[in-house]
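A short worksheet on the structure shown next.
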Amino acid sequence: MRIGIVSDTHDDLAAVEAAVSLFEREEVDAVVHCGDFVAPFSVTPFDADFAFHAVRGNNDGEWAVGSTVEEFGSYHGEAAALSFATVDVAVTHGTSDLVVDALVDCGDYDYVFHGHTHAHGVEARGGTVRVNPGGLPIPVEGADDVFRVATLDTAESGTDAVTHHVLDG
């Protein structure tokens, strides 16, 4: 099974469409958005040929984001515990490092997906892999200067299962 991971798209429709196109080319079975759509119009392009899951980000001020996701996918509020094929995944936006670290360190999940920082990364700790797909470029130390998303291939394991992709958006 292949999973697309995206976060922090912040109403950038071109970036959202680039992510959806990549996920379609990669033939992902599901996409997980780690929050910060911002407004409902930037949710609708994810109504595509894959299962869709999303959590709330700190900039998702319009509550209609959740109801828009629910029209075609699953909106999980602040956090989600998901199972895909043989892997268990926790998802949170990542606003709290304490929460992200607790999810990674608890040992209940194979992967923890989060965003918020706009800096992509993958880190194995214990039996859990933390994945930040990145996000739109922002002028903050540590953030990427390009838009990135990630894919996870559940046929692989650990950090080798994760691929980051640079997109034009």
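Brief remarks follow.
- Gaussian network model of the chain, Cα within-10 Å springs - most flexible of Gly107, Gly158, Gly73: Gly107
- For the chain, share of DSSP beta bridges that run antiparallel, in % to the nearest 5: 55 percent
- Beta bridges by DSSP in segment 96-169, antiparallel share as percent, to the nearest 5: 80 percent
- Within a Gaussian network of the chain (alpha carbon springs, distance under 10 Å), most fluctuating of Val149, Val87, Val20: Val87
- Euclidean distance between Cα centres, segment 68-85 to segment 148-169, Å: 20 Å
- Label-zone membership for segment 130-165, site Arg25, 7 angstrom Cα→C-beta point, backbone N under 15 Å: 147-151, 164-165
- Lys/Arg +1, Asp/Glu -1 at C-beta; the chain dipole; positive extreme among Ala54, Val69, Leu13: Ala54
- Here the dipole of the chain is about 180 debye; that uses its Cα centre as origin and unit charges on the Cβ of Lys and Arg (positive) and Asp and Glu (negative).
- Net charge in the neighbourhood of Thr154 (other residues with Cβ under 11 Å of its Cβ; Lys, Arg +1, Asp, Glu -1) is -4.
Each value in this text was obtained by applying a stated rule to the coordinates, not by laboratory testing. If you're wondering where the values come from, they're calculated on a predicted model, not measured in any experiment. As a convention, Cβ positions derive from the backbone with ideal geometry for all residues, glycine included, and neighbour counts pool all protein chains shown.
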